[in-house]
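The structure appears below as structure tokens.
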Amino acid sequence: MRASNLMILTLMAAATAYGAPSTQVAWTPQTLQFVKSGKAEHGKELAQTCNGCHAAADNPAPSLEGQLATYLYRQLQDFKAGSRKDPVMSALSSSLSDQDMADLAAWYAGQEAFAGTGGVSDPTGIAGRGDPTRMEPPCAVCHSGSGAGEKVDTPRLSGQKTGYLEKTLTDYKAGTRTNDVYHRMRLIAGKLNDKEIKQLADYYSKLR
Ligand code: HEC
Ligand code: HEC
């Protein structure tokens with residue numbers, strides 16, 4: 001067999017091993033443009049049904065203000081398609097149209113970002129340096145040094161609720177949150193122990 005054929009077969013086998021794609025959303029220029037043109041005023045109206053959970057500090061639902069629009073849009077699509085599962089969000093997203101999702105994303109992305117208290121350091125060292133002994137990349141290479149997130153859809157972490165960060169990292173580790181492209185966050189969270197998850201959740205929730 002020719003080497004190139006063998007390579008294609010190996011790639012196909014790797015893709016099958018990963019099973020169903022983690023998301024149905026592909027970032028084509030059209031989709032990016034569609035999200036960018038979301039109507040924030042309509043999103044604000046729709047957001048009234050969301051804020052009871054998301055804007056309440058004592059509710060486990062994550063903060064959405066200042067989050068990347070592309071990230072919000074894709075998570076909503078993923079809940080609706082069943083690629084990400086949550087009893088509340090799976091039900092709620094089913095009645096949202098593509099336009100509603102773009103409008104909600106535009107509204108929340110335009111709000112002042114949630115922010116931590118600041119003055120905090122990371123006891124694990126993993127956020128800034130990673131851990132080469134277990135091939136763990138620094139969180140900062142993707143989420144940025146300030147934890148503000150990056151294009152296209154790497155989410156903001158700084159200022160996010162501690163309990164939510166801990167829950168969602170634990171979900172990645174347990175393999176119950178599966179909509180991350182290329183298994184990236186499942187692989188990364190899978191190498192963290194429970195104490196490090198707690199410490200990183202605490203660090204990012206306080207970061208400014
Ligand atoms: C009854 C409470 C509740 C309501 C109302 C609600 N949500 Fe949620 N939402 C949650 C919870 C809880 C999660 C976290 C799910 C998990 O742990 O994976 C979540 C997650 C999300 C996420 C993922 C955020 C992230 O950082 O990954 C988005 C986006 C979202 N909700 C948008 C909305 C929008 C838009 C509305 C209104 C149309 C809404 N939610 C209404 C409880 C709620
Ligand atoms: C290779 C790039 C990369 C690295 C390194 C990385 N992340 Fe992520 N992270 C992502 C992407 C992309 C997402 C969005 C997942 C998706 O596709 O739904 C994400 C999602 C998350 C979320 C979910 C946020 C939310 O609102 O639900 C948390 C929490 C998180 N990462 C924490 C970390 C921590 C802690 C580290 C370091 C130990 C880390 N990440 C390292 C790319 C990365």
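The values are calculated or read from the model by the stated rules, or taken from the named source; none is laboratory data. Everything numeric here is computed off the predicted structure, so don't read it as measured data. Here the Cβ is made from the backbone with ideal geometry for all residues, glycine too, and neighbour counts use every protein chain on show. Side chains are part of the model used for accessible areas, which takes the heavy atoms of the whole protein and leaves out ligands, DNA and RNA. Shrake-Rupley method; radii C 1.70, N 1.55, O 1.52, S 1.80 Å.
Rounded to the nearest 20 debye, the dipole size of the chain about its Cα centre is 560 debye, using +1 on the Cβ of Lys and Arg and -1 on the Cβ of Asp and Glu. Charges were assigned to the Cβ only: +1 to each Lys and Arg, -1 to each Asp and Glu. The resulting dipole of region 126-206 about its Cα centre is roughly 60 debye. When the listed pairs K80/K173; K44/K161; K85/K195; K44/K151; K39/K173 are checked against a 29 Å cut-off, the alpha-carbon distance exceeds it for K39/K173. Can you tell which of A47, W27, S37 lies farthest toward the positive end of the dipole of region 22-109, using +1 and -1 charges on the Cβ of basic and acidic side chains (Lys, Arg; Asp, Glu)? Of A47, W27, S37, it is W27. Between A127, A26, A148, the Gaussian network model of the chain with springs among Cα atoms under 10 angstrom shows the greatest mean-square fluctuation at A26. The H on the amide N of E136, modeled in the peptide plane, is under 5 Å from the matching H of D131, each at least 5 residues off or on a different chain. With a cut-off of 13 Å between beta carbons, the residues surrounding R177 carry a summed charge of +1, where Lys and Arg count +1 and Asp and Glu -1. Extent along the principal axes, Cα only, for region 126-206: 26, 25, 24 Å, with the longest axis given first.
Using the Cβ atoms and a cut-off under 14 Å, what net charge is assigned to the surroundings of G130, where Lys and Arg are +1 and Asp and Glu are -1? Numbers along the way, then the final one.
Working: positive: R129, R134, R184, K191; negative: D122, D131, E136, E196.
Here the count lands on 0.
Apolar share of the accessible surface for region 126-206: 58 percent from carbon plus sulfur atoms, 1.4 Å probe.
What number, rounded to the nearest 500 deg cm²/dmol, is the helix-based mean residue ellipticity at 222 nm of the chain, given -39500 (n - 2.57) per DSSP H run of at least four residues and division by all its residues?
Values: 12 runs with 107 residues, N = 208.
It comes out at -14500 deg cm²/dmol, rounded to the nearest 500.
Per residue, region 22-109 exposes an accessible area of 51 Å² to a 1.4 Å probe, with every protein chain left in place. Here the Karplus relation 6.51 cos²θ - 1.76 cosθ + 1.60, evaluated at θ = phi - 60°, turns the backbone of region 132-147 into coupling constants of x, 5, 10, 6, 9, x, x, 4, 5, 5, 9, 8, 6, x, 8, x Hz, with x for every Gly and Pro.
Pop out the ³J(HN,Hα) list for region 87-101 in order, Karplus 6.51 cos²θ - 1.76 cosθ + 1.60 with θ = phi - 60°, rounded to Hz; leave Gly and Pro as x. Here the 3J(HN,Hα) series is x, 6, 5, 5, 5, 5, 6, 5, 9, 8, 7, 4, 5, 4, 5 Hz. Using the Karplus relation 6.51 cos²θ - 1.76 cosθ + 1.60 with θ = phi - 60°, the per-residue 3J(HN,Hα) values for region 42-55 come to 5, x, 4, 4, 4, 5, 4, 7, 9, 5, x, 9, 6, 9 Hz, with x marking Gly and Pro.
Note on region 59-163: dipole from Cβ charges, positive end direction compared against Q111, T162, P132; the farthest Cα belongs to P132.
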